[in-house]
Every structure is written in C-alpha cells, then in structure tokens.
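Peer 1: One structure is given below, represented as structure tokens, and several questions about it will come after.
The values are calculated or read from the model by the stated rules, or taken from the named source; none is laboratory data. Since this is a predicted model, take the numbers as computed values, not measurements. Cβ placement follows ideal geometry from the backbone for every residue including glycine, while neighbour counts extend to all protein chains displayed.
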Amino acid sequence: MKALEGIKVLDFTHVQSGPTCTQLLGWFGADVIKVERPGVGDATRNQLVDVPGADSLYFTMLNHNKRSIELNPKNEKGKAVLTRLVEECDVLVENFAPGALDRMGFSWERIQEINPRIIMASIKGFGPGKYQDCKVYENVAQCAGGSASTTGFRDGPPLVTGAQVGDSGTGLHLCLGIVTALFQREKTGRGQKVTTAMQDSVLNLARVKLRDQQRLEKGPLTEYSQFGEGIPFGDATPRAGNDSGGGQPGRILKCKGWEQDPNAYTYFIIQAAIWDKVCDVIGEQDWKTKEGYANPPERLDKLNEIFTRIENWTMTKTKFEVMDICNPHDIPVGPILSMKEISEDESLFATGTLVKVDHPVRGDYISVGCPIKFSDSSVEVKRSPLLGEHTLEILSDVLGFNGEELKNIIASGAVGNVN
Ligand code: CAO
C-alpha cells in the first residue's frame, strides 16, 4: 500500500518549485495529473537539453510518478475539461505568476464552487504586500529570504547556495501544507487554500540567522570567527564563511590532494567535549591543559592558529582518512563530497536515495529518489511522462468522456494532438 493511494492531484505546476511538491505527492502514492500547454508543455522540458530531442534532465528529475495531459483552459472546451478535473481531484497545485489562474477563469472562489472538498495549493514568490505581484525565481528568493546576505565570507559579496532552498525548499513546505490540509479534511469534509511564499520558505530555513540578528542587539556573536579576530560587528547578521551555525567552532580544511582536487576538503568541528581527542589526534597534547587553549572561551581568539594546526594534520590525510580516524573519537568531521562521488555511491543506490531510471527517449539516467523513507508505505520511482502521453486515458478513464463528446473535445484543439 502507498500512503496517498486514492488521492488525485491536478498538477498545474511548472519549472521547479511546484513540480518538487507534486513529485513528492506522486512518490507517496497519489495519482498526479500534470496539465501542460498543448504542443509546448512545461518549459523545463526544453531547458538545459543534453540529449537533443529528449526531455531534459531538468524536467525528468522533477516529474517522476506523474501522468501528462495536454490541455488549454483558455479554450472553451478546455475550460469544460479543466472543470471536470477540478470536480474529480482532491488537490490542485499551481505555481503560476500571480493572477494567471484567475485570468484563466479559475479563481479560488470558482474552484470552491466547483468542488468544496478540494485543496488548492499555490506557490508565489512573495506573500501579500508590496511585492505580491512579482514573478520570482530561485536566486531571487534566496536573496529576499535572508539566505544570500548571510552566506559567503565577510569580506566578499553575498552568495547564493547550490541547494535549491527557494524552489525545492518551497515545494517541500507546500507538500507538508497539502497533507496537513488533507488530514484536516478527514474531520471537516472541507477543502481549503494553502499558500506558500518562496521568501517565507527561505526565511524559515534561515531562521538561525534571524536568531543571530536578535542576539546581535545584545552583544557580539562570540562564536563567529570575526569575534575572535577582533573585527567589530555591524548592525546586521554578518556572513560567517564556513563557521558552524550551532555555536561550536568549525571550518572547512584542506586535505591531501587539495592542490589538484577542488573537493579534497573536510569539515572539522572542535566541540568542547572532544577537545582532548582533537589534541591527541593532531599531536598537540599540551593544548589540553595549556593556559589559553584548555577552555573554549579562551580559544576564541586563537581559532585561526588552532585550525591552521589542524589543517597541517588534515593535509597529510585524504578526506576519507580524516573521517576514519576522527569518527571513532566522536570528532565531528565530514568529507566535502563532489556530485561525481555522490553519483557513484552504491550505498545511496541501496537505500533508494539514488535511483537509475529508464526513459524511452533518453535511456538510463540517475535521479534522486524519495528522501523520505516509510516502514509501511512503498515508494516506487517511475519515469516522467512524455508530453501528453496520457491525454486520452485521462479524458476517458478519469473524466469519463467518450463517443461524440470525446471527439468534439479533441477536434476543438483544447488537448493538442491525440493519436
Ligand atoms: N494552456 C494555456 N496557457 C497556459 C497553460 C496551459 N496549459 N499553462 C499556463 N498558461 C499560461 C498562463 O495562463 C499565463 O498566461 P497569462 O499571463 O496570459 O495569464 C502564461 O502561461 C504564463 O504563465 P506564468 O506567468 O506563470 O509563466 P512565466 O514563464 O511567465 O513565469 C514564473 C514563470 C516561474 C516566474 C512564474 O510562474 C512565477 O512567478 N511563479 C510563482 C513563483 C514560482 O513558483 N517560482 C519558481 C519558479 S522555479 O525557479
């Protein structure tokens, strides 16, 4: 059995944020019906193309476990089909620019009128306010949500991160909102509107930096390297380089081979509880008792010296040797893994976190599977649909159109070319 078996999702999403959400619902067992513009489809099908003629990895990796119907709701017959889909589905998910769904004639009021049990879930860039009408992409959200201003080094510009906290992060938030609303519907019988703004989701993920903003009003942030270096703080949470956010000194240090390999680095944390072990490992036993080194607060102005010494040691080991030596002592370290190393990690394939998927046009490719594991709900990763691959079966099997009615819908051009 799959957790969301029996739940039908009208997936009106495109690009990354919305598809991340509906892909999760598909993995959880919902029947996800992706509505795409006839002949065009989700723009990502043709973005960053690596195999000419095939759907891009951008699309295939975000649209597993979905069926695709081509449908233009701006056409009269298309409107009728979309109305039937709204009647039939439990959830509608969309991430159009603000106002686009209303312009199609499907406002929240109209959708509720058609199906009072439906949950309508939307992603927008910003919540209500002066930016509510803006179109927003990943990096804009990272900047507006406080991530960029707190990422990077103090003496460099703000940085965006590789993890797609704006798009995929918002999709995750929305997915949680949807299953929560489904849970509430079990008791009330009513649907509701669920909205997530990308700015809000990024801010939620950057909440420790808002914590620091308020701490800063009470005094300097002593765990930031900047404090130990005697550099005064401004009035906003600064960028902290690779300092650890939890208050324990930590840095990224070079490992053996760093001169050739851009990822020959390890993260290294020196918690108070394992200080003696760190001293043993690097051969500085006297630091355990030496004045200025023995106690954490005394070490704050010596972190550059201490980490340089630790790095002299890590540079004699590979990042994996550092892990092997430090882990038995509970010294928190972590190798900086490249995407190449990750994509070749058999243990990730064994858990289903990485999966090999076959695709009729592009052939085999690697994708990230469901990162959430259930003990009593199986997750099967299926390939993404071709554009309009399921138009006919959705029209007939899900919506019950047949005979003349079906012919008229197809002839109207509302559903693209149906073979
Ligand atoms: N048939 C016919 N028309 C369709 C259609 C279909 N199946 N699906 C969408 N359209 C139309 C929309 O109705 C809209 O038309 P109007 O503007 O004339 O009303 C048009 O396609 C464009 O939609 P859009 O404005 O959403 O798309 P865009 O490419 O211009 O903008 C994006 C993309 C992502 C910036 C915008 O959708 C947005 O801000 N979304 C919310 C935030 C978000 O999710 N951002 C993350 C994107 S991932 O980085």
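Peer 1: Say whether the condition of being part of a loop (DSSP other than H, G, I, E, B), at pLDDT below 95 and among the charged types (D, E, K, R) is met by at least one residue in the range 254-264.
Peer 2: The answer is no, given that none of the residues of the range 254-264 is part of a loop (DSSP other than H, G, I, E, B), at pLDDT below 95 and among the charged types (D, E, K, R).
Peer 1: Going through Val93, Val165, Val136, Val86 one at a time, which residue ends up being in contact with a helix residue (DSSP H, G or I) (Cβ under 8 Å, 6 or more places away or on another chain), part of a loop (DSSP other than H, G, I, E, B) and either closer than 25 Å to Gln192 by Cβ or free of Cβ contacts under 8 Å to residues at least 40 places away in the same chain (or both)?
Peer 2: Val136
Peer 1: I would also like to ask the following. Exactly one of these conditions fails for Ala141: (1) in a loop (DSSP other than H, G, I, E, B); (2) within 16 Å of the ligand (Cβ to nearest atom). Give me its number.
Peer 2: It fails just one condition, (1).
Peer 1: Moving on. With the condition kept exactly as written, say whether any residue in the range 108-124 is outside any strand (DSSP E or B), under 29 Å from the mean Cα position of the chain (by Cα) and within 11 Å of the ligand (Cβ to nearest atom).
Peer 2: Looking through the range 108-124, none of the residues is outside any strand (DSSP E or B), under 29 Å from the mean Cα position of the chain (by Cα) and within 11 Å of the ligand (Cβ to nearest atom).
Peer 1: Surrounded by 14 or more Cβ atoms within 10 Å (Cβ to Cβ), under 29 Å from the mean Cα position of the chain (by Cα) and either over 28 Å from Val51 (Cβ atoms) or of a type in the set (A, V, I, L, M, F, W, C) (or both) - does that describe any residue in the range 287-297?
Peer 2: So far as the range 287-297 goes, no, none of its residues is surrounded by 14 or more Cβ atoms within 10 Å (Cβ to Cβ), under 29 Å from the mean Cα position of the chain (by Cα) and either over 28 Å from Val51 (Cβ atoms) or of a type in the set (A, V, I, L, M, F, W, C) (or both).
Peer 1: Something else: For the range 383-413, enumerate the residues that are surrounded by 15 or more Cβ atoms within 10 Å (Cβ to Cβ) and part of a loop (DSSP other than H, G, I, E, B).
Peer 2: Arg383, Ser384, Pro385, Leu386, Leu387, Gly388, Glu389, His390, Leu399, Phe401, Ser412
Peer 1: Counting only residues that are within 22 Å of the chain's Cα centre (by Cα) and within 11 Å of the ligand (Cβ to nearest atom), which one in the range 52-97 is surrounded by the fewest Cβ atoms within 10 Å (Cβ to Cβ)?
Peer 2: The selected residue is Ala97.
Peer 1: Filter the range 1-19 for residues that are small (Gly, Ala, Ser) and under 25 Å from Arg362 (Cβ atoms); which is nearest to the ligand (Cβ to nearest atom)?
Peer 2: First pass over the range 1-19, keeping only residues small (Gly, Ala, Ser): 3, 6, 17-18.
Next cut, under 25 Å from Arg362 (Cβ atoms) only: 17-18.
On the way: Ser17: 4, Gly18: 6 Å.
Applying the filter and picking the extreme gives Ser17.
Peer 1: Could you tell me whether any residue of the range 154-165 is touching a Cys at 6+ places or on another chain (Cβ under 7 Å) and near the ligand (Cβ under 10 Å from one of its atoms)?
Peer 2: Looking through the range 154-165, none of the residues is touching a Cys at 6+ places or on another chain (Cβ under 7 Å) and near the ligand (Cβ under 10 Å from one of its atoms).
Peer 1: Looking at Thr44, Thr22 in this structure, which one is of a type in the set (S, T, N, Q), part of a helix (DSSP H, G or I), within 14 Å of the ligand (Cβ to nearest atom) and buried (at least 22 other Cβ atoms within 10 Å of the Cβ)?
Peer 2: Thr22
Rundown of residues vs (1) within 21 Å of Ala163 (Cβ to Cβ); (2) among the basic types (Lys, Arg); (3) not in a helix (DSSP H, G or I), yes/no style:
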position: Val194; (1), (2), (3): no, no, yes
position: Asp200; (1), (2), (3): yes, no, no
position: Leu203; (1), (2), (3): yes, no, no
position: Gln214; (1), (2), (3): no, no, no
position: Gly219; (1), (2), (3): no, no, yes
position: Glu223; (1), (2), (3): no, no, yes
position: Ala240; (1), (2), (3): yes, no, yes
position: Gly247; (1), (2), (3): no, no, yes
